[in-house]
Amino acid sequence: MADASPADTRVLMVESSEKIASQAWHVQRAHFYLASMRRFADELRVDGFEVVYRRSNSFRVALREHRAEFPDDAVVATEPNSWRARLLLDELGVETVASNQFLCHHRDFTNWVNSRKSAGYKTFKMEDFYRWQRQRLGYLMDGDQPVTGRWNYDAENREPPPKDGHDRWASPLVDPLDDLDHDVLAALPDTCTGQSPTGVWATSREGALRRLRHFVDHHLAVFGPHEDAMLSANWHLAHSLLSPYLNNGLLLPSEVCDAVQAAYDTGAVDIASAEGFVRQIIGWREYVWGLYWMSMPEYRDENALGADMPLPPLFTGGDTKMNCMSCTLRGIDDYAWAHHIQRLMVLGNFALTAGVEPRAFLDWMSRVFVDAAEWVMVPNVVGMALYADGGRMATKPYASGGAYIDKMSDYCKGCSYDRKKRVGDDACPFTTLYWDFLLRHADQFVRNPRIATQVRAAQKLADADAVRERATAVRVALRAGTL
Ligand code: SF4
């Protein structure tokens, strides 16, 4: 509540031990949320607020205690970001006010979808929503038209990694841990996974603002071209690393987009990078947010392709000879982070084509990423990555073999597997599983114009039986942790 005043507002904050112990969280994720909360409480006190910081079993218990101690207080919260939290607040009779963490309220998103349907459109694509947002919010606009006459620079922003100069991108800011950080870490359960925090992730408003400035000054101008590239020796490239702050409220989407607009206006960055970044914030982020609220609660449990493999051990610390998976999982272990293509085309693609049960994969993704939130993970994992919603979010399954990963990364050069092979002991598991996926789901996708050509190619394979046999061996090795 941005307009709250210390004169008439007492702030209640709750640290729930049940929530902290409910999952084997990545330690950097757990630390990030708890340290951010404790620092925010301190900042509010400095601003003159009385903060009641309760460490309790659950939010429900904490609220009961609070109401008993302050029976005359009206409890008001900003609208929560998850379906379950909203149900809980409704049940507990907590009044809510609109949040400023999103620029399009999910009610307005639903109205936009309905207006599209009323106008005769059968689909409500992200690109159409993004253009509506640009017009409504005015970013990179000249009147109601895009400032350069073009809406989208995606085509310029899909370059593979450069051949050399893999250290060309400025390093992320790092702040030393302080006593508050060490107190938080000491309080975390030993079920937490991953490497301890190194100070890459800020846990204060001031630190988040510095990182926004660092991104705009050092990364934004080169953000676009290689935003889909992956490198084994560089985990951040030109990515903003701002999603944790946008998702926990240390930064607002409006101030991030304002900073990008200002950099474009002064000529510090070109349109391709500015547009590519603004699209992520006011386009994808808000589209996913709206879709989440339109589709819950059923969305979380959908499994349209009937995938039933338990989460393979390589996701939880097991070894793998697949270099792309090994590099991506090592990055997650080190930083609780991977960029969107690593999430979609390495982790998600593998889970999709191997047939990993969506809920198991969703739960894992939600535990290990510093920026994870249910509203972003459910549509991106269940819908986009695993096609478990039957195509509501994506018009085709994002399945690919080793060729895509080879084009967009340097992973395949250091791998035990041969990305060109689909059969044989050294065949790339991605390539094998990709063709097997097309064969297994041919009936479902052969009439989908975006993937029908690939399905028909799979149906004509002379070695289809050998592909199926190799895919079975891959799945056995995957479960055994020997792939
Ligand atoms: Fe990954 Fe296959 Fe390339 Fe190895 S060859 S890095 S498994 S895509």
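Taking a point 7 Å out from the Cα of D418 in the direction of its Cβ, the residues of region 383-402 whose backbone N falls within less than 17 Å of it are 402.
Round to a whole number: what % of the accessible area of the chain belongs to carbon and sulfur, probe 1.4 Å? Answer for the chain: carbon and sulfur cover 49 percent of the accessible area. Once backbone amide H atoms are built at 1.01 Å from N, M141 has V147 as its partners under 5 Å, excluding neighbours fewer than 5 places away on the same chain.
Couplings 3J(HN,Hα) of region 55-72, computed from phi: 9, 9, 5, 7, 4, 4, 5, 4, 5, 4, 4, 5, 5, 5, 7, 10, x, 8 Hz, in residue order, whole Hz [Karplus 6.51 cos²θ - 1.76 cosθ + 1.60, θ = phi - 60°; x for Gly and Pro]. Using the Cβ-Cβ distance between A221 and D72 with R0 set to 60 Å, the FRET efficiency from 1/(1 + (r/R0)^6) comes to roughly 0.65. Taking label points 7 Å from Cα along the Cα-to-Cβ direction, R45 and T266 give a separation of 3.7 nm. Highest mean first, the peptides 26-36, 233-243, 56-66 sorted by other C-beta atoms within 10 Å per residue fall in the order 26-36, 233-243, 56-66. The modelled label-to-label distance between V97 and D426, using points 7 Å beyond Cα along the C-beta direction, is 6.5 nm.
Basic side chains Lys and Arg get +1 at the Cβ, acidic Asp and Glu get -1 at the Cβ, and with that the dipole of the chain about its Cα centre reaches some 1860 debye.
In the chain, a dipole from Cβ-located charges (positive for Lys and Arg, negative for Asp and Glu) runs towards its positive end, and of L173, W375, N81 it is W375 whose Cα lies farthest in that direction. How big is the gap, in Å, between the Cα center of region 359-432 and the Cα center of region 37-68? Using only Cα atoms, the two centres lie 40 Å from each other.
With a simple spin-label model that places each label point 7 Å from the Cα along the Cα-to-Cβ direction, the separation between D3 and D308 comes to 5.5 nm. Computed from Cα positions, the angle between helix 253-265 and the longest principal axis of the chain comes to roughly 70 degrees. Would you mind calculating the relative contact order of region 310-480 from Cα pairs under 8 angstrom and at least 6 residues apart, reporting the percent as a whole number? The value is 21 percent. The angle between the Cα long axis of helix 126-137 and the main principal axis of the chain comes to about 30°, on a 0 to 90 degree scale. Against the main long axis of the alpha-carbon atoms of the chain, helix 27-46 sits at an angle near 20°. Once the chain from D463 to H105 is taken as fully extended at 0.36 nm per residue, the excess over their C-alpha distance is 123.8 nm. Computed with a 1.4 Å probe over protein heavy atoms only, the accessible surface of the chain comes to 44 Å² per residue. Listed by chain and number, the aspartates and glutamates whose alpha-carbon sits under 20 Å from that of K413, ignoring those within fewer than 8 places in the same chain, are E159, D164, D167, D228, D319, D425, D426.
When the C-alpha to C-alpha distance is required to be over 32 Å, the pairs from K396/K460; K117/K407; K117/K396 that qualify are K117/K407.
Entry note, the chain: relative contact order of 16 percent, from Cα contacts under 8 Å with a spacing of 6+ residues. When all protein chains stay in place and ligands, DNA and RNA are ignored, the 1.4 Å accessible-area order of H340, H441, largest first, is H340, H441. For A77, nonlocal amide neighbours, meaning residues 5 or more places apart or on other chains whose placed amide H falls under 5 Å from its own, are E95, T96, V97.
V455 sits among other residues whose Cβ lies under 13 Å from its own Cβ, and their net charge, with Lys and Arg +1 and Asp and Glu -1, is +4.
The values are calculated or read from the model by the stated rules, or taken from the named source; none is laboratory data. Keep in mind that what you see is a predicted model, and the values were worked out from it rather than measured. For neighbour counting, all protein chains shown are included, and Cβ atoms are generated from backbone atoms with ideal geometry for every residue, glycine included. For the accessible areas, the whole protein counts, side chains as well, though only heavy atoms, and no ligand, DNA or RNA atoms are used. Shrake-Rupley method; radii C 1.70, N 1.55, O 1.52, S 1.80 Å.
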